[in-house]
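The values are calculated or read from the model by the stated rules, or taken from the named source; none is laboratory data. Keep in mind it's a predicted model, so treat the numbers as computed, not measured. In this analysis, Cβ positions are derived from the backbone assuming ideal geometry, glycine residues included, and neighbour counts consider all displayed protein chains.
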Amino acid sequence: MSFVTFLNPSRAGDSTGWTPSIGTANWTLMADDDDATTVQAPALNALDLYYLSPLPSIAYNMAAAPGYPLLDFWFNAPATSQVAPVWKLGGVTVVGTPVVGNGAWQAIADHPARPGGGAWHVGDFSVLQAGFKCTTLGGGDVVLVRKLNVQVNYVDRSAFAMVADNTGMNSATYPPRDPVPVQLDVTMSAANIATVDVYGSVTFGPITIPGQVYPVYVSLSRDPLVNLGEGL
Amino acid sequence: MAAPSPPSTGPPLGTGTDVEFVLSLELSLAQLATLDAAFDAKIELTGTVTPPTFANAQRVTVSRQVPVEAVV
């Protein structure tokens, strides 16, 4: 069976260039259609990027559905300004086709190509950033965005038919599951950085990864002084 | 299976004593399986984290066991 699900912004991405209408994180303003909770482009080429909520755990592979994933956002701008959808994945940024404002709120649905090329896989969405960029800004124009989400079309295992085999059992042959990379984020303070540079290594952990039996430790060490694991 | 990815880093945040540094690592299914499979499993990621954030190039390792150094 295939499903379409909506992924919403879950935290800030690599760029926060738009100005929130109220004093809070931009990504928290992107969940609803409230015209009073928006972000505004303060300058030409302002870029906002957001990480997304996770796909359901039953997502097994992408559905063969052209047009997905679909990046939706709602913006309001005069005809002298334009806003474009943006993907960022694996350090590569793709800017979609800019849309001209019409003086009212309008919904944009676009599906820029996968950054870096190739086919989308379910693991992409744990590290994908989605957002928008003000590509044209008319003098004195107020350009607003009030909501963003990403639609993903995926299949679970029921998409692969069960058939009776010669033992009387029903079984199905599943294609290989898409690789599901896991992203670990380690935030280092200035003190941590100084420790690494002076003493040669710093370690963070234990870090629990969903689905893993054991937590892991992440270590930075001065090249080539990789001394992790010695004596264990 | 996806090839292991090199470590990637975000830009430093803030300035002076408030500097923070976000290290983003992406592990494949094969790497995750390796970490769960053996007591002393460790994965040295390809590439290094380089200046200007650090004065010296840094290697990044993910391991199942606590390293000999103190844990932050």
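Run down A:Asp197, A:Asp165, A:Asp185, A:Asp178 and say which single residue is at pLDDT below 70, over 30 Å from A:Pro69 (Cβ atoms) and among the acidic types (Asp, Glu).
Exactly one residue qualifies, and that residue is A:Asp165.
Report, by residue number, each residue of region A:70-117 that is polar (S, T, N, Q) and either more than 23 Å from A:Asp32 (Cβ to Cβ) or buried (at least 17 other Cβ atoms within 10 Å of the Cβ) (or both).
Residues satisfying the conditions are A:Asn76, A:Thr80, A:Ser81, A:Gln82, A:Thr93, A:Thr97.
Yes or no: A:Trp120 touching a Lys or Arg at 6+ places or on another chain (Cβ under 7 Å) and either surrounded by 15 or more Cβ atoms within 10 Å (Cβ to Cβ) or in a loop (DSSP other than H, G, I, E, B) (or both)?
yes
Taking strands (runs of 3 or more DSSP E) that fall entirely within region A:1-90, which contain at least 3 residues that are among the small types (Gly, Ala, Ser)?
A:9-16
Being in the same structural domain as A:Cys134 (by TED's automatic domain parsing), among the small types (Gly, Ala, Ser) and not in a strand (DSSP E or B): is that true of A:Ala109 here?
The answer is no for A:Ala109.
Report yes if A:Arg11 is farther than 24 Å from A:Gly139 by Cβ and crowded, with 18+ Cβ neighbours inside 10 Å, otherwise no.
no
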